[in-house]
1. Give LEU64, LEU84 a once-over and let me know the one that is under 30 Å from ARG30 (Cβ atoms) and in a helix (DSSP H, G or I).
2. Tell me which residues, restricted to segment 45-61, are closer than 18 Å to ASP178 by Cα and either under 25 Å from the mean Cα position of the chain (by Cα) or assigned to a strand (DSSP E or B) (or both).
3. Filtering segment 35-50 down to residues that are on the phi < 0 side of the Ramachandran plot and exposed (fewer than 14 other Cβ atoms within 10 Å of the Cβ), which residue is modelled with the lowest pLDDT?
4. In segment 190-212, what residues are at pLDDT 85 or above, buried (at least 17 other Cβ atoms within 10 Å of the Cβ) and of a type in the set (A, V, I, L, M, F, W, C)?
5. Do you know which of the residues in segment 79-100 that are under 19 Å from the mean Cα position of the chain (by Cα) and open to solvent by less than 10 Å² (accessible area, probe 1.4 Å) is farthest from VAL181 (Cα to Cα)?
Amino acid sequence: MAFPLPQGITPSEIAFLSEMELVTVVPRQRLEILELLGVSPSGGSTELLQPPVRASVPLWLALLLKRQRRINIVPPFWLHPESLSFILQIETEHRDYSDAFSPPPRLPGQQSVGDRTASDKLKPRRTVDGQPYFPTPPFLPQNIALAPAEATGPGREAPSLPYHWLEVGSMLLEAASDDLVDPNQTRRLLKDLREVRTAKMRKGIDVLDTAAMAGGGVALTGVGAMEIGEMRGLVTGIVENLRYFSGFVLGKIGVSKEQARREQLAEEGNKDYDDTQDYGDSMEL
């Protein structure tokens, strides 16, 4: 007997897709260019790994080389304890985000907050077959380490959680904790962020009753892939029950209105019949 597959993508599949995220590494030995199919939607090859020059490789390859002690992984800027503490403060103390999530990273071509002079426009890329496409996670450089000048410069943007923050953070803590800055504090901050954001998502379920009746919804801007995958089963179950309950109630209301209309028509028919009967009786007299 075959078990039915769950609706939507599963957490294990989300973690598999997150391994395509690009991360920054520092090679310990030379590694020639590798021709791979999954570096980007358009294909391509990896960069030449030449110590001590930084390079960007997919997360799955970085974890493999890390286990072989051939590279060191440079953690992304958002995974530093200072950045996580800043994001956690926004999630818990900022009045505008008491019921919302911290803003996600800026997409290519998207204006930053308060910037009205940005002129870069989002341009499509091309696949091997020449088809245009717009890159999305995990094919966006959201987990690449910043250069020292970019991390401390005056135009540096505030740290934000990428789309696959939970998966990438967990994998790096498991396989490359020695490369992270204060891994114990990083693990604690990631746990606190996960609990705070999960509580917000559960709190948003309370408005699904009103949303189902009024046609509204719950804003999920800034929610990560794993968070959506973990809450999908609960939310879809609640929404289906609300739809069934609302349809049942509306059906009952419709039946009651139809029954009342039929009774009214029956009463009017009986009244007309009685008036006609009385008029006939008076004519016979």
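The values are calculated or read from the model by the stated rules, or taken from the named source; none is laboratory data. Worth saying up front: this structure is predicted, and the values here are computed from it rather than measured. Cβ atoms come from the backbone with ideal geometry, glycine included; neighbour counts cover every protein chain shown. Ligands, DNA and RNA are stripped out before the accessible areas are found, and what is left, the full protein with its side chains, is counted by its heavy atoms. Shrake-Rupley method; radii C 1.70, N 1.55, O 1.52, S 1.80 Å.
1. Values: LEU84 fails: under 30 Å from ARG30 (Cβ atoms).
When all the criteria are applied, what remains is LEU64.
2. Hits for segment 45-61 are LEU59, TRP60, LEU61.
3. Initial filter on segment 35-50 (on the phi < 0 side of the Ramachandran plot): 35-42, 45-50.
When the remaining residues are screened for being exposed (fewer than 14 other Cβ atoms within 10 Å of the Cβ), the result is 35, 37, 45, 48, 50.
On the way: GLU35: 79, LEU37: 65, SER45: 78, LEU48: 86, GLN50: 90.
Taking the candidates together, the pick is LEU37.
4. LEU190, LEU193
5. Initially, segment 79-100 is screened for residues under 19 Å from the mean Cα position of the chain (by Cα), giving 79, 84, 87-88, 90-91, 97-100.
Now restrict to residues that are open to solvent by less than 10 Å² (accessible area, probe 1.4 Å): 79, 84, 87, 91.
Numbers: LEU79: 8, LEU84: 12, ILE87: 17, GLU91: 22 Å.
In this case the residue turns out to be GLU91.
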